[in-house]
Amino acid sequence: MPAVAPSPSGQPGPAAPLTRRTSWAEAAAVADAAKPAAHAPAPARAPVSAQQGAADTITSVPDAAAAEVQPPPLSAPSETPAFRRARPTVADTINENPMPDFISSPGLFVKEQKPRPVGGIRGVIYSVTGGVWNLGPGQKQRQEEELGRRIARQLQGSYNTAVLSLKGGIGKTSTTVGVGLTLAEYRGDAPCAIDANPDSGDLVERALGEGIYQQSSPRTISDLLENIEFIDSLTSLSRYMHHAGRLHLIAGEQDPEVSDSLTAEEYLRIRKLISAYYSVALTDCGTGVTHNAMSGILQSADNLVIAAGYAVSGAKRARSTLQWLASHGYEELARNAIVVITDKDEVSSRVDKDAIEEHLAGICRELIAVPHDRGVADGDLVTLDGLKPETRRAYKEIAAAIVDGYR
């Protein structure tokens, strides 16, 4: 049946003869000819039969290319021919399908690598296979790494820990040196240790060795106080300090007539100066809690380390120290104190260590035991390399507990 093409008036007219289109270009020309001029008004909607006739005329083209041509609907003429599809741009694709980038999500592009195991059977397997078999670190190594992360935590501001006891010879100064060296090993910023012992303290000698200290310029805390008004930089401050690796130290006064003259106000002046250059400071307070500088030390302390021993008298004095602090306005410091029990004299088996620890654990934030170690007990130079692994581990636990207490 012949197709009926619409007439200009919209009424069916004589059937137009079918014409064979032999090329894609001719099909495009027919589609362009059917598009109304840009300035002409949109034609009235043709009857359904007329639309069907126009469609039959176009689809009767036998060429495969022409058969694919779909003219735009007559009711909605378009400036772009239907067979010219607009391809999406790169920007459109990115906007519709946002992808993570290397800056915001680097982990999506790089496979996570297990940490290298150190020591133990895991370390042996890793070394023998050249890293092909990596079982990752064991529990002990993970615990050690966690302690290191706690010690290295970045701090905002400057903090001070006072190390004190009511009895001498129970590991107070050796704890200060061992913990100070541990802080220096794991922290990105150097710590400072201050010898405020009124009884001719030997903090620097324990950190450097007696011989090296005597050979160096033995400047003390008294020299620092005499010139404190002229110190305006870390460089000028370093002239009054000693260095055991990355641990910076201020020596105590060795003259007995002068050592006990440090007042609370003078200590606070030193503490203020130190706070401008160091984020962590340790203060070796000496024996007792009532000497002249002690009120200034406790006033500026952020937490405390109470040194104790396994002897019955050492445990009682540690408890008495905490009770004195709580009853003299330092209840918060006492509650958050870290009690360190050093087995300095290697007590006999008659002493119930568990009972002493239990006696002290309930009145402080944390209790840490330091095993007997000749590197501590001899009262000479303290170096981390010369300590037992168990002793080094105890100092790491103390250092981590100290930094945890900085809020």
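The values are calculated or read from the model by the stated rules, or taken from the named source; none is laboratory data. Fair warning: this is a prediction, and the values are worked out from it, not measured in the lab. Cβ: placed from backbone, ideal geometry, glycine included. Neighbour counts: every protein chain shown. Calculation scope for accessible area: heavy atoms of the full protein, side chains included, ligands and nucleic acids excluded. Shrake-Rupley method; radii C 1.70, N 1.55, O 1.52, S 1.80 Å.
The table below lists the values:
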| read-out | value |
| --- | --- |
| Length released on extending from Asp189 to Arg142, taking residue separation times 0.36 nm less the Cα-Cα span | 14.6 nm |
| Over segment 349-407, relative contact order from alpha-carbon pairs under 8 Å, at least 6 apart, % | 28 percent |
| For segment 252-360, accessible area per residue (1.4 Å probe, heavy atoms of protein chains only), Å² | 46 Å² |
| Segment 251-385 - charge dipole about Cα centre, Lys and Arg +1 at Cβ, Asp and Glu -1, debye rounded to 20 | 440 debye |
| Spin-label pair Val128/Glu346, simplified geometry with 7 Å Cα→Cβ offset, distance in nm | 3.7 nm |
| Spacing of the two label points (7 Å from each Cα toward its C-beta) at Ser275 and Asp223, in nm | 2.7 nm |
| Over 18 Å (Cα to Cα) - which of Lys316/Lys353; Lys140/Lys396; Lys167/Lys272; Lys140/Lys344; Lys172/Lys396 fall in this group | Lys167/Lys272; Lys140/Lys344 |
| Total formal charge among the other residues, if their Cβ is under 11 angstrom from that of Ile194, Lys/Arg +1 and Asp/Glu -1 | -1 |
| Mean projected area (nm²) of the alpha-carbon convex hull when segment 229-368 is viewed from all directions | 10.3 nm² |
| Cleavage-rule hits, GluC sites (Glu not before Pro), segment 325-404, DSSP coil, Cβ neighbours within 10 Å at most 13 | Glu346 |
| Chain lengthening between Glu265 and Asp385 when straightened (0.36 nm per residue, less Cα-Cα) | 39.4 nm |
